[in-house]
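Everything below concerns the one structure shown next.
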Amino acid sequence: MNKVGRSRSARPRTVIADGSPGSLLRLRAAITVFFALDGFVFAGWVVRIPAIKEQTHASASALGLALLGVSAGAIVTMALVGRACRHFGNHPVTAACAVLVSLAIALPPHMHTAWSLGAVLLLFGIGYGGINVAMNSAAVDLVNALGRPVMPSFHAAFSLGGMLGAGLGGLVASHLSPSWHLAMLAVIGLLVTAATTPALLRHRAPGTPAPSRLVKLAAGAGPAEPSGGGTAAKSPAHGRITGVVVILGVVALCSSYGEGAMADWGALHLDQDLDASAGTASAGYSLFALAMMIGRLSGTTLLERLGPTLTVVGGAFVSAAGMLISALAPTLWLALVGFTVMGLGVANIFPATIGRAGTLAGPQGVATASTLGYGGLLLGPPVIGFMADWLSLRTALLSVSVLAALAGVIAWTTRRAGEARTPQVAETA
């Protein structure tokens, strides 16, 4: 009797999200916090870039090369993190990368050359890329467990965190040096990670793969239909990279190209081409970000009613129309309308494609699609810069419309990809 008592007391107290609503809700809240934290920290860094440039006495080109460290670190790391997630689990890797991101964000203000800045940004990029793969993989697992396409809600949290981080940065910029500001972000990041990690590690999604209705959604079969319960079945492609996953990554690349363009060139377009004031030019991107967050909050409803194919295709063409309006707008107010339309259109393309890649191929699918997707953020700004020098900024921004429309065409023409395996899976449910 005593041996039994000692045996029971020695067991680790691990709470597993076995499908109960309360457990899954707590897990969803924990993952949402990490998405918001990622956006918050990244936006806090972005608003201090001008001050860091002045501190390092870097030229525009040297700063541009240093800033590539974030993208380079993220892209190089993503494939490796996908393997780490499969070996150690998504949740521990998410927590570890959150610690790395929080610590690395405090380093840039202490660098005094562009090369040293690039080195620490490479470290920041490693953590940033890692947490994006890990937390998206964790979100995919939870989506499969819930049986609802709630992936956009996590990305809405990222957008909200970004807005809060940028807002806080704007408030403290004139009162705190970059060193103190980014050190404060590091402390906030570590505290939030410490407070949220126990819940993340105690609760995990059930070990079952995607339910049949989610497999149908992943194959682009259209709106989900209620399933009558039953056994979840594993997608045969799970854990194996297929052509479908690569295509999804290309769609993500086309959408992130536009997001990067808006972040780096949207305000300049309003200022240079439409004579907007500095405040109005800055507000243009805020309007775009707000529209994107609103679009993501409604993303689950769109995915449930329309399915991923129509959601992505419709969003792509709406995004293309929005940038077309903005690039060719003769007046400021019309350009702002275009920014809003583009934000609503582009909102759910990335989360829907990453979610589908994760359902089809697990963490490695998320890593592959994310790597291609973030390639758009890497390529977009310099490509538009070169095109603006050769032609004009208005003309360069039209490339965003072209790629957005291309994403819609690709998503539509490949909507049946992967469907051949699905009926057999669905019949077992």
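The values are calculated or read from the model by the stated rules, or taken from the named source; none is laboratory data. Small disclaimer: the values here were computed from a predicted structure and weren't measured. Here Cβ is always computed from backbone atoms with ideal geometry, including for glycine, and neighbour counts include all displayed protein chains. Heads up: the accessible areas ignore ligands, DNA and RNA and are worked out on the full protein's heavy atoms, side chains in. Shrake-Rupley method; radii C 1.70, N 1.55, O 1.52, S 1.80 Å.
Can you give me the number of residues within region 129-171 that are touching a Ser or Thr at 6+ places or on another chain (Cβ under 7 Å) and either surrounded by fewer than 24 Cβ atoms within 10 Å (Cβ to Cβ) or assigned to a helix (DSSP H, G or I) (or both)? Matching residues across region 129-171 total 17. The set of residues in region 172-198 being modelled with pLDDT under 90 and surrounded by fewer than 20 Cβ atoms within 10 Å (Cβ to Cβ) consists of V172, A173, S174, H175, L176, S177. Counting the residues of region 295-311 that are farther than 19 Å from A156 by Cβ and either open to solvent by 50 Å² or more (accessible area, probe 1.4 Å) or free of Cβ contacts under 8 Å to residues at least 24 places away in the same chain (or both) gives 1. Number of residues in region 22-46 that are of a type outside the set (A, V, I, L, M, F, W, C) and either closer than 12 Å to Y128 by Cα or free of Cβ contacts under 8 Å to residues at least 40 places away in the same chain (or both): the value is 3.
Only a single criterion out of (1) out of contact with any Gly (no Cβ under 9 Å at 6 or more places or on another chain); (2) open to solvent by less than 60 Å² (accessible area, probe 1.4 Å) is not satisfied by A335, namely (1). Taken over region 383-404, the criterion of being assigned to a helix (DSSP H, G or I) and open to solvent by 30 Å² or more (accessible area, probe 1.4 Å) is satisfied by V383, F386, M387, D389, W390, R394, T395, L398, V402, L403.
If only residues of region 48-61 that are open to solvent by less than 30 Å² (accessible area, probe 1.4 Å) and assigned to a helix (DSSP H, G or I) are counted, the one that is nearest to H175 (Cα to Cα) is I52. Taking G314 as the residue in question, decide whether it is at positive phi and either at pLDDT 90 or above or surrounded by 20 or more Cβ atoms within 10 Å (Cβ to Cβ) (or both). For G314, the condition - at positive phi and either at pLDDT 90 or above or surrounded by 20 or more Cβ atoms within 10 Å (Cβ to Cβ) (or both) - is not met.
Of the residues making up region 271-286, none is surrounded by fewer than 19 Cβ atoms within 10 Å (Cβ to Cβ) and under 20 Å from G373 (Cβ atoms). Here I126 passes the criteria (1) within 27 Å of R296 (Cβ to Cβ); (2) open to solvent by less than 20 Å² (accessible area, probe 1.4 Å); (3) not aromatic (F, W, Y) except the one numbered (2).
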